[in-house]
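The values are calculated or read from the model by the stated rules, or taken from the named source; none is laboratory data. Fair warning: this is a prediction, and the values are worked out from it, not measured in the lab. Because the Cβ atoms are built from the backbone with ideal geometry, glycine has one as well, and the counts that use them run over all protein chains shown. These accessible areas exclude ligands, DNA and RNA; they are computed on the full protein's heavy atoms, side chains included. Shrake-Rupley method; radii C 1.70, N 1.55, O 1.52, S 1.80 Å.
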Amino acid sequence: MSASHSVILKSTSAQMLASLGYVLKKGGEHATALKAPEEVFLNFRLYPDMFPLSRQVQICADNAARGAARLAGVQLPSFPDTETTFAQLIERTQKALAYVQGVSSEAIDARADAEITFPIGGGNEMTMPAQAFLLNYVLPNVFFHAATAYDILRHNGVPLGKRDFLRPGG
C-alpha cells in the first residue's frame with residue numbers, strides 16, 4: 001500500500017523541520033558558549049555564491065509550506081524574511097510546520113492528478129504532475145536546504161551528528 005501525497009508531505013516535513021529546529025537550537029547554544037555573535041553563524045556561507053545559513057532555513061521552510069499550499073490548491077502563505085536570531089529561525093521552522101500540518105490532507109489528496117505550476121526563478125515557470133512536484137521538487141528542496149543549514153553549522157564547529165539531522169526534534 002502506498003502512502004498518500006499528504007502523508008508523505010506531512011511526515012517528511014515534520015521530521016525535517018523539527019530536526020532543523022533542533023540543529024538551530026544547538027547552533028544557538030554553541031554561539032552562546034563561544035560568546036560569539038549569532039550573526040557570525042547566521043551570515044555564514046559555505047561558498048561565496050551560496051546563501052547564508054539564515055536564508056537556507058527560510059528557503060527550507062518556504063518550500064515545505066508553499067509546496068503544501070500548491071499541492072492543496074490554496075493561497076500561498078507569506079513568511080517575511082526578517083529573522084536575525086537563532087530563536088527567530090527556529091520559530092520560522094515551527095510556523096512552517098504548523099502551516100503544513102494545518103493544510104487539508106483531503107485537499108492535497110484530491111489533487112493527486114493535478115498539474116502544479118510554480119516559479120523557478122528568472123521569471124520562468126515549470127509545470128509538473130502533483131506527484132512529481134512533491135517527490136522531485138518539494139522534498140529535494142527541503143532536504144537540500146536543511147542539509148546545507150546543518151553543514152554550515154557543522155562546519156562552524158557545532159557538535160552535530162547524523163542523528164541530529166535524521167531524527168525529529170533531536
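Here r is the Cβ-Cβ distance between residue 167 and residue 35 and R0 is 30 Å; the resulting FRET efficiency, rounded to 0.05, is 0.55. Here's how it looks for residue 116: its modeled amide H is under 5 Å from those of 128, 130, which are all 5 or more places away or on a different chain. The share of alpha-carbon pairs in the chain lying farther apart than 27 Å comes to 25%. The label point for residue 147 and the one for residue 4, both projected 7 Å from the Cα toward the Cβ, are 3.0 nm apart. For segment 107-163, the relative contact order comes to 22 percent (Cα pairs under 8 Å, sequence separation of at least 6). For the chain, the fraction of 1.4 Å probe accessible surface lying on carbon and sulfur atoms is 55 percent.
The length gained on full extension between residue 98 and residue 113, counted as 0.36 nm times the residue separation minus their Cα-Cα distance, comes to 2.9 nm. Per residue of the chain, the DSSP helices (runs of n ≥ 4 H) give a summed -39500 (n - 2.57) that works out to -19500 deg cm²/dmol at 222 nm. Alpha carbon centre of segment 103-129 versus segment 1-67: separation in Å? Comparing the Cα centres of segment 103-129 and segment 1-67, I get a distance of 23 Å. For the chain, a Gaussian network of Cα nodes joined below 10 Å ranks 72, 110, 130 by mean-square fluctuation, and the top entry is 110.
Normalised per residue, the accessible area of the chain is 51 Å², obtained with a 1.4 Å probe and no contribution from ligands, DNA or RNA. Here the relative contact order of segment 47-105, from alpha carbon pairs under 8 Å that lie six or more residues apart, stands at 44 percent.
Along its first, second and third principal axes, ordered by size, segment 112-170 spans 42, 27, 13 Å in Cα coordinates.
Just to confirm a number: summing +1 for Lys and Arg and -1 for Asp and Glu over residues other than residue 41 whose beta-carbon lies under 14 angstrom from that of residue 41, what do you get? That works out to +1. Taking every alpha-carbon pair under 8 Å whose residues sit at least 6 apart, the chain reaches a relative contact order of 39 percent.
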